[in-house]
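Just so you know, all these numbers are worked out from the coordinates, no wet-lab data involved. Bear in mind that the values here come from a model prediction, so they are computed numbers and not experimental data. Virtual Cβ from ideal backbone geometry, glycine too; neighbours counted across all protein chains shown.
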Amino acid sequence: MHTIDLSGKNGAVFGVANEWSIAWHIAQALDGAGARLAIAYQNQRLRERVERLTTQLRQPPLLLQCDVQNEEEVASAFARIGEAFGTLHMLVHSIAYAQREDISGAFLKTRREGFRIALEVSAYSFLLLVREAVPLMREGGSILTLTFQASQRVFPGYNIMGTAKAALEQEVRQLAYELGPQNIRVNAISAGPLDTLAARGIHGFVDMKRIHAERSPLKRNITHQEVAQSALFLLSDLSSGVTGAILPVDAGYHIVGL
Ligand SMILES: NC(=O)c1ccc[n+]([C@@H]2O[C@H](COP(=O)([O-])OP(=O)(O)OC[C@H]3O[C@@H](n4cnc5c(N)ncnc54)[C@H](O)[C@@H]3O)[C@@H](O)[C@H]2O)c1
């Protein structure tokens, strides 16, 4: 019988905005397993809410403000993580953004700026966070990001975010290869639709959720907690033989043809 005990392990979770954030649910699971956490939120506007949320955790986390478009903020976030923890064992990247006009209407109309912003925030940021985290992962580590099946198949309205997720998934494989010799594993969860701030921006999200529930083998939508539990598995030593994987947590929707 194996239980997940993360006491003595340090994790950094990027992308908590509110109680619906996938990152928040992963943070709760890691905290519940005994890990010490750094939690990063995007900007001042989110600070109070995130501060209030984290009072629910068993161990008070190190709270960090970090906009991934600002390289200085990213560097200073990791400097603070290094000072506080010394060694980092786990990193969670749960960040995505595209301009509203680029996640509805014709994909063909996507402008250079919209393309740049979506790819920079949703895909380049992963590389950036991993680069900063690796020097702190002296004992090896496990890194996780969140993706969506629009990287492979067309979901109308997902548009540029599908392009960004394709890039992100390629980064998972490339980094898994590069960091394997240091015993640092890199994986992604490809989640089914969940009600979050980011998801509400996707045109047709309500239909997407309904159709997933109707057609998936499990005949329902997934829960935030199911993603968090799979994250716990991928971030812990229980998955020590797994790297470069994109794990679908989608009630099986990805296998269905019709
Ligand atoms: N909700 C879903 O249905 C679903 C499904 C599959 C994958 N995902 C992915 O899960 C991840 C988390 O999204 P979520 O659904 O929890 O929504 P969310 O809105 O709670 O999280 C998105 C996070 O990205 C952060 N962010 C955006 N721009 C940023 C920037 N410049 N710097 C720092 N942080 C920034 C936001 O502040 C927020 O915390 C995303 O990668 C999303 O694509 C979500």
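At least 3 residues being in contact (Cβ under 8 Å) with a residue 12 or more places away in the chain and farther than 26 Å from residue 88 by Cα is the threshold, and among the helices (runs of 4 or more DSSP H) wholly inside region 154-255 those reaching it are 160-179, 205-215.
Looking only at region 51-68, which residues are surrounded by 15 or more Cβ atoms within 10 Å (Cβ to Cβ), touching a helix residue (DSSP H, G or I) at 6+ places or on another chain (Cβ under 7 Å) and of a type outside the set (Asp, Glu)?
Just the residues of region 51-68 that are surrounded by 15 or more Cβ atoms within 10 Å (Cβ to Cβ), to begin with: 53-54, 57, 61-68.
Filter again for touching a helix residue (DSSP H, G or I) at 6+ places or on another chain (Cβ under 7 Å), leaving 53, 57, 61-68.
Across region 51-68, the qualifying residues are 53, 57, 61, 62, 63, 64, 65, 66, 68.
Take residues that are touching a residue at least 40 places away in the same chain (Cβ under 8 Å) and tell me which of the strands (runs of 3 or more DSSP E) falling wholly in region 15-118 contain 3 or more.
90-93
From the list 133, 199, 106, which one is under 24 Å from residue 76 (Cβ atoms), of a type in the set (A, V, I, L, M) and either within 16 Å of the ligand (Cβ to nearest atom) or surrounded by fewer than 21 Cβ atoms within 10 Å (Cβ to Cβ) (or both)? Of 133, 199, 106, the one residue that is under 24 Å from residue 76 (Cβ atoms), of a type in the set (A, V, I, L, M) and either within 16 Å of the ligand (Cβ to nearest atom) or surrounded by fewer than 21 Cβ atoms within 10 Å (Cβ to Cβ) (or both) is 133. When you look at residue 92, is it in contact with a Leu (Cβ under 6 Å, 6 or more places away or on another chain) and either hydrophobic (A, V, I, L, M, F, W, C) or away from the ligand (no atom under 15 Å from the Cβ) (or both), yes or no? Yes, satisfied. For region 136-153, a residue qualifies if it is of a type in the set (A, V, I, L, M, F, W, C), more than 12 Å from the ligand (Cβ to nearest atom) and not in a strand (DSSP E or B), and the qualifying residues are 136, 137. When only residues in region 158-178 that are closer than 21 Å to residue 236 by Cβ and in contact with a Ser or Thr (Cβ under 8 Å, 6 or more places away or on another chain) count, which is nearest to the ligand (Cβ to nearest atom)? My answer is 172. If you check 257, 204 for being within 30 Å of residue 99 (Cβ to Cβ) and surrounded by fewer than 16 Cβ atoms within 10 Å (Cβ to Cβ), only one passes: 204. Residues that are away from the ligand (no atom under 14 Å from the Cβ) and under 24 Å from residue 140 (Cβ atoms) were ranked within region 207-233; the one that is surrounded by the most Cβ atoms within 10 Å (Cβ to Cβ) is 232. In the set 22, 26, only one residue is touching a helix residue (DSSP H, G or I) at 6+ places or on another chain (Cβ under 8 Å) and more than 16 Å from residue 6 (Cα to Cα); that residue is 22.
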